[in-house]
Amino acid sequence: MARRFRVALSFVAMILSTFITAILNRFILADKEEILIAYFPLIGGAFVIFTWLISVSWPLLLIPTKSGFYRKWNVLWYSLLHAALIGFSFFGALIFESGNFDLFYSSLLGGLFTGLIFKGLLEWNALQDLLNKSPRLRFTALLAPVLFCFLYYWAFPHISPQAAFPYMPKEIQREIFLRELIHLKPGQSLDKLYQELPYRNSQETVDSLGILYNDLQLGKDMIHFETHNNTLVKLEISKQKKAR
């Protein structure tokens, strides 16, 4: 029972670490590729799940629960070694060929937080009591990726759009920008909006008068807005016509 308990918590710890890594990458790799920041929980999470199956769940099921592996900071050191193996195994060829160590640093960072989170969960007595009383609850660990994706890609942008904006894929950045834009009225300046949410449409068109025409989709609506010198000139919201 204790071993299965640790396996479930190790899975939660590794998945959660991919989201923390994505947020920290914004500060460490601010000028790097978008995938390392916005898509890391999805792309990196796929590697994490596979690696967890072959190199975490199996050892945890075999190592005795009274082993020194579970004492003090041993979990953390194991996670760092594990992260180094992930980095070199999956990204080694790419790293040495391109000289780009960003993915390797991300793996190490993810391993660090995996160890910290895993250790914290193992020492959370209230959580252990809850899981021991409800064995079925342990299986919800398998839903951790879905839950964390919902919190990161949906709840986070809706609760705090300005804070979430830098860490989101371009599609979600567009939605955040448009949700704020539709509250403005023609004649209002967009300088503050562009400063807080620096989204620009790559397909916008400009006429001879310098007016920018934008058509962007927001859910089932099509948002058409025109700007001149970062001032909103026109804003229209229309339902998209269904293709026949």
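The values are calculated or read from the model by the stated rules, or taken from the named source; none is laboratory data. Please read these numbers as outputs of a predicted model, since none were measured by experiment. Here Cβ is always computed from backbone atoms with ideal geometry, including for glycine, and neighbour counts include all displayed protein chains.
Scanning region 153-202 for residues that are within 17 Å of Ile223 (Cβ to Cβ) and acidic (Asp, Glu) gives Glu171, Glu175, Glu180. Number of residues in region 111-147 that are closer than 10 Å to Leu9 by Cα and of a type in the set (Val, Ile, Thr): the value is 1. Among the candidates Lys234, Lys185, Lys242, the residue that is outside any helix (DSSP H, G or I) and modelled with pLDDT under 85 is uniquely Lys242.
Have a look at Leu178, Leu130 and point out the one that is over 19 Å from the mean Cα position of the chain (by Cα), assigned by the TED database to the domain that holds Lys220 and aliphatic (A, V, I, L, M).
On the way: Leu130 fails: assigned by the TED database to the domain that holds Lys220.
After applying the criteria, what remains is Leu178.
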